[in-house]
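The values are calculated or read from the model by the stated rules, or taken from the named source; none is laboratory data. Please read all numbers here as calculations on a predicted model, not as lab measurements. Neighbour counts are summed over all protein chains in view; Cβ atoms, including those assigned to glycine, are modelled from backbone coordinates with ideal geometry.
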Amino acid sequence: MAKSNIKKRKASSREEVVHSDSEDDFQTGLLNGAINNEDEESDEENHSSSEDEEADEFPEVAAASDEEEIDSDEVPSSSEEAGEKSGDDDEEEDEKDEEEDAEVDEYGRKTVLDSAGNLRYIYPEVDTGYASDDSDREEMNTIGNIDLSLYDEYPHVGYDINGKKIMRPAKGKALDALLDTIEVPKGWTGMLDKNTGGDLQLTREELEILRKIQMDEVPVDGYDPYTPTIEWFTSKTEIMPLSAAPEPKRRFVPSKHEAKRVMKIVRAIREGRIVPNKPKEPEKPAFYDIWANEVPREDHIMHIPAPKLPPPTHDESYNPPEEYLPTEEEKKEWEENDSEDRAKDYLPRKYNALRLVPGYDKFINERFERCLDLYLAPRVRRNKLNIDPESLLPKLPSPQDLRPFPTTTATIYKGHQGRVRTLNVDPTGVWLATGGDDGTVRVWEILTGREVWKVKLSEDETVNCVKWRPTKESAILAAAVGDDLYFLVPPIFDPETEIESKRLLDHGFGTAANVQQDPTKKTPPGKWSKPMDKLVEQGVPVMVTVKMTIKHIAWHRRGDYVATTSPEGQNRAVAIHMLSKHTSQSPFRKSKGIIQRAEFHPFRPILFVATQRYVRSYDLAKQELIRTLQPGARWISSFDVHSGGDNIIVGSYDKRLLWHDLELSTKPYRTLRYHEKAIRAVKYHQGGLPLFVSASDDGTIQVFHGKVFADMMENPLIVPLKILKGHKVTQALGVLDVDWHPRECWLFSAGADGTARLWN
């Protein structure tokens with residue numbers, strides 16, 4: 001009762017409120033109240049949780065108690081339960097009031113009395129804020145080295161740093177029992193196969209390998225980790241020097257024993273028993289008898305024994321019968337014959353006694369021949385192939401079966417003074433244009449051989465090249481004289497063709513006048529202009545001047561572009577001129593070698609450029625190098641492209657004609673050496689006939705049959721057909737240029753003898 005009264009008085013005193021006029025105290029009271037409420041809530045939670053955990057272990061109930069009936073007087077009413085609960089709450093509030101009423105010392109601690117009457121310090125809790133929140137920190141048991149078996153009867157296992165109970169972790173007996181009831185299939189890993197998407201099943205061997213890898217063992221079967229160690233190196237450690245004692249005196253005193261040995265050697269040298277620096281005798285060559293260790297073998301068809309000497313005959317005897325002795329005529333005949341023509345190397349002779357037989361004068365020769373027989377004798381039989389060498393050569397068709405091809409001279413075109421350097425047939429196949437050392441360009445009628453037009457372009461320069469524009473709607477002839485390129489319109493065609501040709505040439509002047517030249521760019525390689533009035537009246541409306549001598553002209557298949565080659569031009573050796581705009585450009589910034597000739601591909605935007613040793617092909621659309629051909633010639637003189645575009649023939653000054661298959665290799669497919677001097681010109685027939693020719697300084701023209709098959713697996717067929725002779729060699733120069741008729745198998749040639757010839 002006294003205890004309950006004390007509690008009631010304390011509860012009533014708690015209801016009194018002390019008012020303060022200080023605002024700071026009010027705020028402090030609110031703050032402290034908030035912190036205390038949190039502590040009360042946490043204590044209540046811990047208390048309730050501990051009660052719940054303690055309630056998990058139910059007390060044992062006697063069996064008889066179930067049968068007894070519960071009296072109504074023993075059942076507590078709701079008011080009593082509420083009174084008990086309120087009484088417990090009052091006790092807790094009294095304890096908290098006592099803690100709040102306790103005095104605070106200089107260290108911020110509150111001093112209260114525990115249940116035993118001893119002093120107990122209560123430290124204020126510190127609000128560290130969110131930055132140092134350690135809510136995720138693990139609870140640490142602070143009971144020290146106390147045996148945990150003492151806590152087996154309690155639901156907790158110790159206390160943390162704040163004095164709160166650390167509850168015992170839940171045991172996994174129920175979870176283990178559940179897992180034991182689940183059947184796990186063999187090889188189950190819980191992983192997915194990335195290839196099939198199903199469960200990854202492993203065999204017993206694979207699981208064993210994984211176990212060994214996990215245990216840091218070698219997964220190879222039969223590996224013994226306890227093999228005996230192999231002593232590769234000695235286990236003894238040698239310490240140098242072996243002795244640290246000082247060197248004895250005898251090490252520095254000359255040895256008497258060595259002096260005696262030296263004197264012994266000196267005495268032997270003086271007596272001549274030892275010869276110093278004695279020259280070595282030349283080693284005698286060792287001779288070996290290859291048949292010395294021959295072991296008898298069984299007879300075999302592939303084994304050949306050493307040849308044996310034939311047994312002696314009667315005429316080799318020192319006392320042969322009379323019928324074996326030669327007569328005087330036979331002796332005379334044997335002596336007159338050569339040694340190779342004699343049947344025997346000796347003459348039989350008769351002696352009365354063996355002691356009278358002289359030495360054989362050819363004994364050394366016979367021994368030498370015998371050694372040669374043994375040395376050169378075959379030891380193993382070989383099967384020799386009996387093949388006719390002629391059958392190994394490819395069977396070429398007869399030239400009579402490959403007709404038509406030119407064989408004889410049909411027409412000779414005379415009129416030039418000096419060499420005829422160049423010629424070309426117009427696309428219609430009616431007119432032939434030639435140019436020579438006299439600086440004139442002449443046009444001939446092919447069938448009659450009559451000169452129909454002539455113009456003199458220079459007094460001291462040579463016409464190096466003439467080419468017709470490869471289109472039939474116009475009649476324009478390009479001629480290279482020195483460093484000038486002239487475009488000619490011969491007045492031998494119908495008026496409509498002449499007007500159209502002049503219109504094409506004059507149209508570029510108006511286009512070029514409208515184009516403003518960029519001063520930052522380099523000057524173009526060619527300057528377009530009109531020649532003198534005299535040449536304009538004769539049919540030369542346009543000319544292009546470059547800085548170097550033009551040696552070759554090549555037209556594009558459409559007739560709007562023309563490429564000129566000047567070997568002395570270095571980086572501007574090749575210039576491409578556009579007829580419709582009167583512009584010129586150099587496609588290369590830097591030339592690789594001395595450029596000899598340039599040709600356009602028959603139907604692709606490809607430009608072939610030949611230097612002294614190589615032929616390079618460039619893609620004009622992509623502006624890149626396609627391939628580099630290596631003919632292997634010392635100096636390329638000319639080349640031509642097949643109408644199919646996949647084959648090239650190259651002529652060189654070192655007398656070689658080379659056929660290149662562009663799809664096969666960069667090296668020549670076939671090399672032909674039929675000329676005795678330098679090759680000046682080569683040409684394919686562009687009209688569909690499988691013919692090509694080569695012209696040389698030896699005054700001959702070689703005609704070949706060259707058929708290219710549509711099947712890429714079949715190589716071209718090359719057959720020599722005819723050697724044409726008719727041009728005279730003048731000042732070591734023979735045939736300088738050749739060209740084919742556009743349709744017929746007619747061949748035109750220009751020679752150093754001042755004539756041009758038609759071969760059919």
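Specify which of the listed residues (Pro246, Pro282, Pro312, Pro228) is out of contact with any helix residue (DSSP H, G or I) (no Cβ under 6 Å at 6 or more places or on another chain), in a loop (DSSP other than H, G, I, E, B), under 24 Å from Asp373 (Cα atoms) and free of Cβ contacts under 8 Å to residues at least 60 places away in the same chain. Before the answer, list the steps.
Details: Pro246 fails: under 24 Å from Asp373 (Cα atoms); Pro282 fails: under 24 Å from Asp373 (Cα atoms); Pro228 fails: under 24 Å from Asp373 (Cα atoms).
Going through Pro246, Pro282, Pro312, Pro228 in turn, just one is out of contact with any helix residue (DSSP H, G or I) (no Cβ under 6 Å at 6 or more places or on another chain), in a loop (DSSP other than H, G, I, E, B), under 24 Å from Asp373 (Cα atoms) and free of Cβ contacts under 8 Å to residues at least 60 places away in the same chain: Pro312.
Can you tell me which residue is modelled with the lowest pLDDT among those in the stretch 472-491 that are part of a loop (DSSP other than H, G, I, E, B) and surrounded by 16 or more Cβ atoms within 10 Å (Cβ to Cβ)? Explain how you work it out, then say what you get.
Going through the stretch 472-491, the residues part of a loop (DSSP other than H, G, I, E, B) turn out to be 472-476, 482-483, 489-491.
Narrowing the set further to residues that are surrounded by 16 or more Cβ atoms within 10 Å (Cβ to Cβ) leaves 474-476, 482-483, 489-490.
Numbers: Ser474: 88, Ala475: 91, Ile476: 92, Gly482: 91, Asp483: 91, Val489: 92, Pro490: 92.
Across the stretch 472-491, the extreme among qualifying residues is Ser474.
Where in the stretch 692-760 are the strands (runs of 3 or more DSSP E), entirely inside, with at least 1 residues that are assigned by TED's automatic domain parsing to the domain that holds Gly644 and under 49 Å from the mean Cα position of the chain (by Cα)?
On the way: elements: 700-707, 717-725, 735-740, 747-751, 755-759.
The strands (runs of 3 or more DSSP E) meeting that bar are 700-707, 717-725, 735-740, 747-751.
Among the residues that make up the stretch 597-620, is at least one of them surrounded by fewer than 17 Cβ atoms within 10 Å (Cβ to Cβ), over 24 Å from Ile648 (Cα atoms) and either within 41 Å of the chain's Cα centre (by Cα) or of a type in the set (Val, Ile, Thr) (or both)?
Looking for residues that are surrounded by fewer than 17 Cβ atoms within 10 Å (Cβ to Cβ), over 24 Å from Ile648 (Cα atoms) and either within 41 Å of the chain's Cα centre (by Cα) or of a type in the set (Val, Ile, Thr) (or both), one finds none in the stretch 597-620, hence no.
Determine whether Thr511 is modelled with pLDDT under 85 and not in a helix (DSSP H, G or I). Step through it out loud before you land on a result.
Working: modelled with pLDDT under 85: yes; not in a helix (DSSP H, G or I): no.
Spelling it out, it is not the case that Thr511 is modelled with pLDDT under 85 and not in a helix (DSSP H, G or I).
Residue-wise test of (1) in contact with a helix residue (DSSP H, G or I) (Cβ under 7 Å, 6 or more places away or on another chain); (2) in contact (Cβ under 8 Å) with a residue 24 or more places away in the chain; (3) not charged (D, E, K, R).
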{"site": "Val536", "(1), (2), (3)": "no, no, yes"}
{"site": "Val542", "(1), (2), (3)": "yes, yes, yes"}
{"site": "Thr545", "(1), (2), (3)": "no, yes, yes"}
{"site": "His556", "(1), (2), (3)": "no, yes, yes"}
{"site": "Ser566", "(1), (2), (3)": "no, yes, yes"}
{"site": "Gln570", "(1), (2), (3)": "no, no, yes"}
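Is there any pair linking a residue in the stretch 288-304 that is modelled with pLDDT under 70 and surrounded by 10 or more Cβ atoms within 10 Å (Cβ to Cβ) to one that is in a loop (DSSP other than H, G, I, E, B) and among the hydroxyl-bearing types (Ser, Thr, Tyr), with Cβ under 6 Å and at least six apart or on different chains, and which?
Once the first residue is modelled with pLDDT under 70 and surrounded by 10 or more Cβ atoms within 10 Å (Cβ to Cβ) and sits in the stretch 288-304, no partner that is in a loop (DSSP other than H, G, I, E, B) and among the hydroxyl-bearing types (Ser, Thr, Tyr) comes close enough.
Which members of the stretch 363-386 meet the condition of being surrounded by fewer than 11 Cβ atoms within 10 Å (Cβ to Cβ) and within 30 Å of Ile301 (Cβ to Cβ)?
Passing the criteria: Leu372, Tyr375, Leu376, Pro378, Val380, Arg382, Asn383, Lys384, Leu385, Asn386.
Does Asn277 satisfy being modelled with pLDDT of 85 or more and not in a helix (DSSP H, G or I)?
On the way: modelled with pLDDT of 85 or more: yes; not in a helix (DSSP H, G or I): yes.
Yes.
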